[in-house]
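Undergrad: The structure that follows is given in the form of structure tokens.
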Amino acid sequence: CALVQWFKSVGTGPHADFGMWLVQADTNRRTGLQDQTVVHLDTFLRLCHLIPRFGSSIIPPALLHIHSLSVFNTFWVNKFADHHAHEVA
């Protein structure tokens, strides 16, 4: 099994310039926490690679990759991560 953190799309389609979907955390309206589910591994079609949507401010050098999901609010779904992801998108 795996713990899955859920995201929802921002907008109605992929970005016109990049061809990638923009997503943000899907939160529970009652608690305000990000929705999470334990999912059996045989239900996965494909994993996804998220790229933080960097703003115009400077990223602190001390920021570690393990904090990305807590620090950034929106992410690009990277369809170029592998050949199969590119075909599905």
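A short reminder: the numbers here are calculations on the coordinates, not readings from a lab. As the structure is a prediction and not an experimental result, all values here were calculated from the model.
Undergrad: How much length, in nm to one decimal, is gained on full extension between TRP6 and GLN34, taken as 0.36 nm per residue of separation minus their Cα-Cα distance?
TA: Roughly 9.4 nm would be gained on extension.
Undergrad: Classify the range 30-73: rounded, prolate or oblate, from the alpha-carbon gyration tensor (a ≥ b ≥ c, eigenvalue square roots; a/c under 1.5 rounded; otherwise prolate if a/b is larger than b/c)?
TA: prolate
Undergrad: Could you give the length gained on full extension between HIS15 and PHE80, defined as 0.36 nm per residue of separation minus the Cα-Cα distance, in nm?
TA: 22.0 nm
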